[in-house]
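Below is one structure, written out as structure tokens; comments come after it.
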Amino acid sequence: MSTILPAEISRQVADLYQEMEDAYDAVAAELDFTCSGCEDNCCDSYFVHYTYTEWAYLWEGLYLLEEDRLAAVVQRSREYIQACERSWLKGKRPAVLCPLNENGLCILYSHRLMICRLHGIPSSMTRPDGQTLEFPGCYRCQQIVGEDENPPRLDRTELFRSLVRIEMDLFNLKKAGLPRIKKNIAEMIVQGPPDW
């Protein structure tokens, strides 16, 4: 396995991801919400990601794949990018299945990114400027919540802050001046691991 991140940073990411899963599971249990049997697939939701840390951690997972399987993921990622570009040209938000999805399941489940772990249940986040954003959850969860105006909600704020702290630790270990990123998962795959 190729290591992209320093071992301590990689461990911090894994610990944070476990914390996210635990927080998600607690709210999902309170709502009696599960993805089992859902006919929709959230893996066609379009997300962008902003941290080198997650990009590098994703590549740690990708390096665990067999060479031919990785090549297939890269090819699907190229097709994903082209499909997204066609959607944007039509003025539509892309709804394209994630290149890491095979037969309805994520093949890098243990290395899936933050938003993949938090999507689905009602949540909120307080931005640095003090504004609070609220997310209703997926359509299935919204059906469960119904008219409840104050459902159980996952507060993402500290989880995002923890990821920012890890990113800052990483930047202290890597060269300064890396440009900001805003990439979808397919772009992270096609471009290869971050170039430090």
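The values are calculated or read from the model by the stated rules, or taken from the named source; none is laboratory data. Keep in mind that this is a model prediction, so the values were computed, not measured. Every residue, glycine as well, gets a Cβ built from its backbone with ideal geometry; the counts of neighbours run over all protein chains shown. What goes into the accessible areas is simple: the full protein's heavy atoms, side chains included, and nothing from ligands, DNA or RNA. Shrake-Rupley method; radii C 1.70, N 1.55, O 1.52, S 1.80 Å.
Here are some notes:
- Elements of type helices (runs of 4 or more DSSP H) contained in the stretch 121-196, each with 3 or more residues being within 16 Å of the chain's Cα centre (by Cα): 157-173, 185-190
- Residues within the stretch 1-33 that are farther than 12 Å from THR53 by Cβ and open to solvent by less than 70 Å² (accessible area, probe 1.4 Å), tallied: 10
- The lone exception for ARG180 - which of (1) open to solvent by less than 30 Å² (accessible area, probe 1.4 Å); (2) of a type in the set (Lys, Arg); (3) over 26 Å from ALA28 (Cβ atoms) it fails: (1)
- Residue check for SER77: open to solvent by 70 Å² or more (accessible area, probe 1.4 Å), in contact (Cβ under 8 Å) with a residue 12 or more places away in the chain and in a helix (DSSP H, G or I): no
- Just one of the listed residues (TYR46, TYR17) is in a loop (DSSP other than H, G, I, E, B) and either farther than 15 Å from SER110 by Cβ or at pLDDT 95 or above (or both), namely TYR46.
Let's see how each residue does on (1) part of a loop (DSSP other than H, G, I, E, B); (2) within 30 Å of GLN143 (Cβ to Cβ):
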residue	(1), (2)
GLU8	no, no
ASP22	no, yes
ALA26	no, yes
GLU30	no, yes
GLY37	yes, yes
ASP40	yes, yes
THR53	no, no
ALA71	no, no
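- Residue count, the stretch 80-120 (criterion: open to solvent by less than 70 Å² (accessible area, probe 1.4 Å), outside any helix (DSSP H, G or I) and of a type in the set (A, V, I, L, M, F, W, C)): 7
- When every residue of the stretch 55-69 is checked against the conditions, at least one turns out to be farther than 22 Å from ARG11 by Cα, modelled with pLDDT of 95 or more, more than 17 Å from the chain's Cα centre (by Cα) and not in a helix (DSSP H, G or I).
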